[in-house]
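Here is the structure we will look at, set down as C-alpha cells.
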Amino acid sequence: MQRTDAKDNVESSIESKNIAFFSTQPYDKAPFLQQVAVAGLDNEWDIQFHSYSLTPSTAHLCKNTEAVVVFVNDQVDAECIAILHKHGVKHIALRCAGFNNVDVKAALSKGISVSRVPAYSPQSVAEHTLALILTLNRKTHKAYNRVREGNFSLNGLMGFTLHGKTIGIIGTGSIGKAVISILTGFGCNILCYDIIEDKTIVNAGAHYVSLDTLLTESHIISLHCPLNERTFHIIDSNAINRMPDDVMIINTSRGALVDSKAIIKGLKSKKIGFLGLDVYEQESELFFSDHSGDVIQDDDFQRLTTFPNVVITGHQGFFTEEALREIASTTVSNIQHYRSTKTGQNNNIVLPDS
Ligand code: NAI
C-alpha cells in the first residue's frame, strides 16, 4: 500500500523523530517511557510531554514534530489537522479506542496516518461498568459514609437482586462482550442490540433483539457502542419514554450517546431510577483535571450531581495498571510500525489511500 504525502507547504522532514504527547497526566508518562525503553527506542525518540490538550490553538507548537500522541478529549478537527500538516506531522497516534474526536478523513486527505488502540483490557471498562451497577443498586457509596459516622440504619439502602433481571447491552464489541460475560455469571438475562450480530454471544445464551424491544424490556440498559452520527443521543427522551419505570441507565462509552437534558427530565419525573455515568457530553471542559476550587459553569452537570440516585465517575473505566500498560505498548508499537514499514499491515493504523 502506497502512502502519498500531501506536498504543499510542509515544514519538516519525515526523518524527524520528535513525538509530542498531549493531555499528559502524571500517570501517563511512566508506562509510556517504560514501553519506549522496552522497544529500545529511548535514545532514538525525542518525546515532549505536554499537559495541555491538542487543539487548533496548541497545534502551532508542533514544529518539527513527526507524530502526535493524543487522548479522548484532544480536539483533532480539520482546522487542527491543517496546522499539524503545515508543521510536517505525519502520524496521529490515539492512545484510546474511540476516535470520534479526530477528523480521520481530513487527516488522510493531508497524507497523515492515524492509529488507535482498538482493544486494551476491555475487562477494565467492563468491571467499572459493574462497579457502577453495584454501587447504584446496593448504595455502597451511602453505606460507607453512614458507617463512618456511626449511623447503622438501613433505611433507604434497600437494593434489588441482580440474579434473574434483564439487562440490555447496546453494542456487543469487546467491552459489551466482557460485560455480558460478567452479568451471565450473576444469572442475568441478557438482551443485546448491535448493527452486527456476534454468534458467540448468542451461543453463550444472550439474545439479539430490536433496539425498541431492548429499551422496553430491560431493567438495566448499558451502553457499549461508539459515538457516531447514528448513535449520537441514542438515549433521548423518546428512548427514555419507552423504558420501564425505575430503569437503570449506565454509560461508560461516550457522553454524547446520552441527551443530558432528557436524562435530567427522566430523573426528575422518576422514570429513571438509577443513572451511572463514567462519561459526559461536555466532559472535555471538566474531566481529567482538578476543578475543586472552581465555580463549575455547566448547569446540567451540576444538576446531575444533585440526584441521590446518580453516580458519576470522571472517565476512569480504562484506568487500571494493566490497561495503561497495554495502551502504552500498543501506541509505541503503532508508531514504530508506522515509522518502519509505512504499510497498512497493522490493523490499528489507517493510512492515506487505504
Ligand atoms: P468495539 O469496536 O469492540 O465495539 C463497539 C460495538 O458497537 C461493535 O460491536 C459495533 O458493531 C457496535 N455498534 C456500532 N454502531 C452501533 C450502533 N449504531 N448501534 C449499536 N451498536 C453499534 O469497541 P469497544 O472496545 O467495545 O468500546 C466501546 C466504546 O467504549 C468505545 O467506542 C469507547 O467510546 C468506549 N470506551 C470507554 C472507555 C472508558 O474509559 N470509559 C475506555 C475504552 C472505550
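The values are calculated or read from the model by the stated rules, or taken from the named source; none is laboratory data. Nothing here was measured: the structure is a model prediction, and the numbers come from that model. Backbone-built Cβ (ideal geometry, glycine too); neighbour counts: all protein chains shown. Note: accessible area is taken over every heavy atom of the protein model, side chains too, but ligands, DNA and RNA are not part of it. Shrake-Rupley method; radii C 1.70, N 1.55, O 1.52, S 1.80 Å.
Give me the accessible area of K139, 1.4 Å probe, in Å² rounded to the nearest 10.
In the full protein context, K139 sits at about 30 Å².
Would you mind listing how long the chain runs along its three principal axes, going by Cα atoms, in whole Å with the largest first?
For the chain, the Cα extents along the three principal axes come out at 66, 49, 37 Å.
Can you give me the % of accessible surface on the chain that is carbon or sulfur? Probe 1.4 Å, all protein chains present, nothing else counted. Intermediate values should be presented prior to the final figure.
On the way: 8490 of 16970 Å².
Of all accessible area on the chain, carbon and sulfur atoms account for 50 percent.
Find the relative contact order for the chain and round it to a whole percent, using C-alpha pairs within less than 8 Å whose residues are 6+ positions apart. Display every interim value, and only then the final one.
Details: 652 pairs, mean separation 65.0, N = 354.
Rounded, it is 18 percent for the chain.
Which of the GluC sites (Glu not before Pro) across the stretch 261-349 are loop residues per DSSP, with 12 or fewer other Cβ within 10 Å?
Nothing satisfies the criteria.
Quote the charge dipole size of the stretch 122-312 about the Cα centre in Debye, to the nearest 20; the model charges only the Cβ of Lys and Arg (+1) and of Asp and Glu (-1).
Details: 17 positive and 21 negative charges, 158 e Å.
Rounded to the nearest 20 debye, it is 760 debye.
At a 1.4 Å probe radius, which order do M158, M248 fall into by accessible area, largest first?
Working: M158 160, M248 0 Å².
The ranking, largest first, comes out as M158, M248.
I want to verify a result. In a Gaussian network model of the chain, Cα cutoff 10 Å, which of these has the top mean-square fluctuation: L136, L154, L304?
L154
Leaving out ligands and nucleic acids, note down the accessible area per residue over the stretch 179-293 with a 1.4 angstrom probe, in whole Å².
On the way: 5520 Å² over 115 residues.
That works out to 48 Å² for each residue.
So how tilted is helix 174-185 from the main axis of the chain? Cα-based, degrees 0 to 90, rounded to 10.
30 degrees
Among DSSP beta bridges lying fully in the chain, give the percent that are antiparallel, nearest 5.
Values: 2 of 41 bridges.
Counting DSSP beta bridges with both partners in the chain, the antiparallel share is about 5 percent.
Relative contact order for the stretch 219-295: what percent, with Cα pairs under 8 Å and sequence separation of 6 or more?
Values: 113 pairs, mean separation 25.1, N = 77.
Averaging sequence separation for qualifying contacts and normalising by length gives 33 percent for the stretch 219-295.
Once the convex hull of the alpha carbons of the stretch 216-354 is built, what does its volume come to per residue, in cubic angstrom?
In the stretch 216-354, the Cα convex hull volume per residue is 162 Å³.
So if the hydrodynamic radius of the stretch 122-312 is defined as the Kirkwood radius over C-alpha pairs, what does Stokes-Einstein give as its diffusion coefficient at 37 °C and 0.692 mPa s, in µm² per second? Before the final figure, lay out the partial values.
Working: Rh = 17.2 Å.
In µm²/s, the coefficient rounds to 191.
Any chance you could check the Cα centroid distance between the stretch 140-199 and the stretch 224-263 for me, in angstrom?
Their Cα centres are 17 Å away from one another.
Angle check, please: helix 321-340 long axis (alpha carbons) against the longest principal axis of the chain (alpha carbons), in degrees 0 to 90, nearest 10.
30 degrees
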